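J.: One structure follows; several queries about it will come next.
What follows is calculated from the coordinates using simple rules that are stated; it is not laboratory data. Being a predicted model, the structure only gives us computed values, none of them experimental. No Cβ is skipped: glycine too gets one built from the backbone with ideal geometry, and neighbour counts run over all protein chains shown.
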Amino acid sequence: MTDNFIILHHRSKLTDEENELLAAAEAALENAYAPYSHFRVAAALLMEDGTIITGVNQENAAYPAGLCAERVALYRAGAELPNVKINRMAITFRSDREDSTEGISPCGGCRQVMMEFIHRQNQSFALIMPLTNDTWLRVLNAEALLPFGFRTKTL
């Protein structure tokens with residue numbers, strides 16, 4: 001454990017809220033569009049008003065045109081509930097590859113979009129993501145994922 005990260009060695013160590021959010025992300029996995037990578041990713045956001053917003057990865061034959069699950073969820077939140085703050089995010093995945101046992105974390109682009117939402121709502125949010133099949137990382141402050149991200153003052 002550091003000041004911003006806690007490793008949880010079993011899903012039972014997650015809070016009820018984290019398990020509920022993770023279940024929403026897992027249900028959303030069915031809607032992921034991943035015909036090329038066969039690597040489905042889903043994200044779920046718990047909003048301050050209790051609403052849960054999900055997003056799934058959307059691949060495209062022209063790879064740069066696709067979107068990650070985290071950005072889909074964040075942009076949905078911005079479009080549907082622009083004045084409601086994000087409290088927590090959960091990320092999960094499913095791969096068709098048998099050797100896929102490592103977890104995932106948001107890519108650099110998604111981390112920068114998270115930074116923008118942190119700036120927009122003037123507060124960070126926590127997130128939960130898998131490190132392995134049954135080890136989870138609780139990030140207490142999403143801003144810690146991108147310590148040198150672009151900020152309004154630097155632009």
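J.: With a Förster radius of 41 Å, plug the Cβ-Cβ distance of residue 63 and residue 12 into 1/(1 + (r/R0)^6) and report the FRET value to the nearest 0.05.
T.: The pair residue 63/residue 12 has a calculated efficiency of 0.65.
J.: How fast does the stretch 42-121 diffuse by Stokes-Einstein, in µm²/s, taking the Kirkwood radius from C-alpha pairs at 10 °C and 1.306 mPa s? Let's see the in-between values first.
T.: Working: Rh = 13.4 Å.
D, rounded to a whole number, is 119 µm²/s.
J.: With every atom except the alpha carbons ignored, what do you get for Rg and Dmax of the stretch 90-138, in angstroms?
T.: 13.1, 41
J.: Based on Cβ point charges of +1 for Lys and Arg and -1 for Asp and Glu, what charge dipole magnitude is obtained for the chain about its Cα centre, in debye rounded to the nearest 20?
T.: I would put it at about 500 debye.
J.: For 63, 33, which order do you get if you count the other beta carbons within 10 Å of each Cβ and list the fewest first?
T.: Ranked by crowding around the Cβ, least crowded first: 63, 33.
J.: What list of ³J(HN,Hα) couplings, whole Hz, do you get for the stretch 75-83 from phi and the Karplus terms 6.51, -1.76, 1.60, once you set θ to phi - 60° and write x for glycine and proline?
T.: Couplings: 5, 4, 4, x, 7, 8, 9, x, 10 Hz.
J.: Right, here's the next one. So for the stretch 7-155: antiparallel DSSP bridges make up what percent, rounded to the nearest 5? Intermediate values should be presented prior to the final figure.
T.: Values: 22 of 26 bridges.
Once the DSSP bridges in the stretch 7-155 are tallied, antiparallel ones form about 85 percent.
J.: Apply 1/(1 + (r/R0)^6) to the Cβ-Cβ distance of residue 5 and residue 122, taking R0 = 22 Å, and write down the FRET efficiency to the nearest 0.05.
T.: With a Förster radius of 22 Å, E is 0.45.
J.: State the volume of the convex hull built on the alpha-carbon positions of the stretch 72-155, expressed per residue in Å³ and rounded to an integer.
T.: Given the Cα convex hull of the stretch 72-155, per-residue volume reads 107 Å³.
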